[in-house]
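Every number here is computed from the coordinates shown, using simple stated rules; none is lab data. Because the structure is predicted, anything quoted here is derived from the model rather than measured. In this analysis, Cβ positions are derived from the backbone assuming ideal geometry, glycine residues included, and neighbour counts consider all displayed protein chains.
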């Protein structure tokens, strides 16, 4: 689960991380009032969407010459003008894709005199099973370019969760950023606080870009992107309240309500599979046969008829789907339950695209019988390779 920048900063501030003063706003009037609460005379008006690259983004409705989603303002009138431009309009960034995201919230913060920008992130390194702290002297909007062109400027420090963040980790962060004296001490403190926040919230990632040296020689977090491990959210009811469902894909949101693992993709063949590994293999074999999957969908090992029906309906709600491949290996999951769910969903939504089903495992004979006697135009497959070839062929014929 991801949260907005203003929520991330409020959360990090509770752990002692230095952030500039700021207030969220849902309307132009609230944005102006937020600015009035700040010292000024410089304000920063930021679009709040779950995507990076806002500063270089473009608003679709305002034309190619419009400013991006992070703007400076020297007067309250400029705050009002920027808020009017942003709210309700669609911001397209390098991370949103061409569709962009509608801006429904703003964050008005106190302006800061920036002397130098750094990059600092905390995440889980699955290769080492440790927490990794990634730092770079090249902070700012072009960190992706730095990673690609000059990877030697990015340093990674592994932190053993058994010992936690130690003083030598803080010194290593300061050294990687080229800081000495009081700034080095501040860097050590910020890094330690971020590590505490990472563990304390069961975060999956905390990205600070930029971490800046201000004009008065202080280190301050000017932007923060925070995401949490969804599997641990049951321990953090307060964090669940920060969820903004308007920022999530409607189909992924609906899937989460039924405890389905669903991710929207760019292809046209919908997939319903039980088991993450089998789902990945299914997507791979679709691509091997010259087509692209429209989604990742894992119904899990013990899904009910109702859950399968919901999964099927979610796939069919995607207008890009031109065919569906169901690939089930029944262990705990019974093939007859899958078949009943497929038949129920197909009849309810009036199936109009090709459907290929491969069943194997527990109660497979009963499952195949249910499908064959359903009266629906369902193409059976003997194995995964056969299933992929058939669905790709069916989609090409339908096209």
C-alpha long axis of helix 335-349 to longest principal axis of the chain, angle in °: 80
Label-point separation, residue 158 to residue 10 (7 Å along Cα→Cβ), nm: 3.8
Gaussian network model of the chain, Cα within-10 Å springs - most flexible of 170, 181, 215: 181
Folded to 0 to 90 degrees: helix 384-398 orientation relative to the chain principal axis, Cα: 90
Evaluated at q = 0.31 Å⁻¹: base-10 log I(q)/I(0), Debye formula over Cα of the range 294-333: -1.22
Which of 262, 43 has the fewest Cβ neighbours within 10 Å, and the rest in rising order: 262, 43
Gaussian network model of the chain, springs between alpha carbon atoms under 10 Å - residue of 149, 244, 229 with greatest fluctuation: 149
Centre separation in Å (Cα based) which lies between the range 350-376 and the range 72-123: 50
Residue 168-residue 259 FRET efficiency (beta carbon distance; Förster radius 45 Å; 0.05 resolution): 0.60
Inter-probe distance in nm under a simple model that places probes 7 Å from Cα toward Cβ, at residue 280 and residue 56: 3.0
Fewest-first sequence of 297, 325 by Cβ atoms within 10 Å of each Cβ: 297, 325
Most mobile of 57, 227, 361 in a GNM of the chain (Cα contacts under 10 Å): 361
Sites residue 317 and residue 180 - FRET efficiency at Förster radius 51 Å, r taken between beta-carbons, to 0.05: 0.35
Nearest-0.05 FRET efficiency for residue 202 and residue 21, computed from C-beta distance (R0 30 Å): 0.65
In degrees, nearest ten, helix 167-176 long axis to first principal axis of the chain (Cα): 80
Sorted by Cβ neighbour density within 10 Å, fewest at the top, the residues 280, 86, 1: 280, 1, 86
Listed candidates (1) 46, 25, 18; (2) 43, 25, 19; (3) 43, 24, 23 - label of the one calculated as semi-axes √(5λ) of the Cα gyration tensor in Å: (1)
